[in-house]
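Asker: Sending over a structure as structure tokens; questions will come in a sec.
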Amino acid sequence: MKHNDVPSFEELIKTNRPIRNVNSNHRKRLTKTNKLALWITEHVGSMGFFGIIFFWTIGWLSWNTLAPSHWRFDPYPAFVLWLFISNMIQIFLMPLIMVGQNLQSRHSEIRAEEDFAVNIKSENEIEIILKHLENQNEMILQILEHMQQLKDKI
């Protein structure tokens, strides 16, 4: 292999595009509604939100079954208002959670594609480095042979 067959560092820089931060690019492209959906997905899908809903339900049911009759606003067995509210929570949150998951999935795919591009770039650079090392080894061997020949002549 000759030295001319191996691309120089400058040629390598010219042919490769710079590495970009896909996370910040992704965040910049999100609309306000997408940001809202992600915020809801991140917060609703947490143990804190689960705890709020769980304790709210326990409190609601306890108040409407154990409180004095004149203080109950949705007495047993009615609970119609609570059923309505819980159904509304489910109806509105499920699509929002799915939207957030779709956005997170798209972001994950973009990151995976960028990782793949970086891996290809790294592989090409490593291959060039190995070619340079191989070329250097050949040149060192030629120098050693030449030095041996000069030594033999002396």
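The values are calculated or read from the model by the stated rules, or taken from the named source; none is laboratory data. It should be emphasised that the depicted structure is a prediction, and the values quoted were computed from it without experimental measurement. Glycine gets a Cβ as well: all are built from the backbone with ideal geometry, and neighbour counts include every protein chain shown.
Asker: List every residue pair whose Cβ atoms lie under 8 Å apart, where the two residues are 6 or more positions apart in sequence or sit on different chains, the first residue falls within region 22-50 and is in contact (Cβ under 8 Å) with a residue 40 or more places away in the chain, and the second residue, located anywhere, is part of a helix (DSSP H, G or I) and among the polar types (S, T, N, Q).
Answerer: Within 8 Å, the pairs are L38/Q104; T41/Q101; T41/Q104.
Asker: Considering M94, M47, which residue is modelled with pLDDT of 70 or more, exposed (fewer than 10 other Cβ atoms within 10 Å of the Cβ) and not small (G, A, S)?
Answerer: So the residue among M94, M47 that is modelled with pLDDT of 70 or more, exposed (fewer than 10 other Cβ atoms within 10 Å of the Cβ) and not small (G, A, S) is M47.
Asker: Do you know which residues across region 105-144 are closer than 20 Å to A37 by Cα and surrounded by 14 or more Cβ atoms within 10 Å (Cβ to Cβ)?
Answerer: Passing the criteria: H107, I110.
Asker: Please find, among W82, W71, W63, the residue that is farther than 30 Å from N21 by Cα, surrounded by 13 or more Cβ atoms within 10 Å (Cβ to Cβ) and without any contact (Cβ under 8 Å) to a residue 12 or more places away in the chain.
Answerer: Being farther than 30 Å from N21 by Cα, surrounded by 13 or more Cβ atoms within 10 Å (Cβ to Cβ) and without any contact (Cβ under 8 Å) to a residue 12 or more places away in the chain holds for just one of W82, W71, W63, which is W63.
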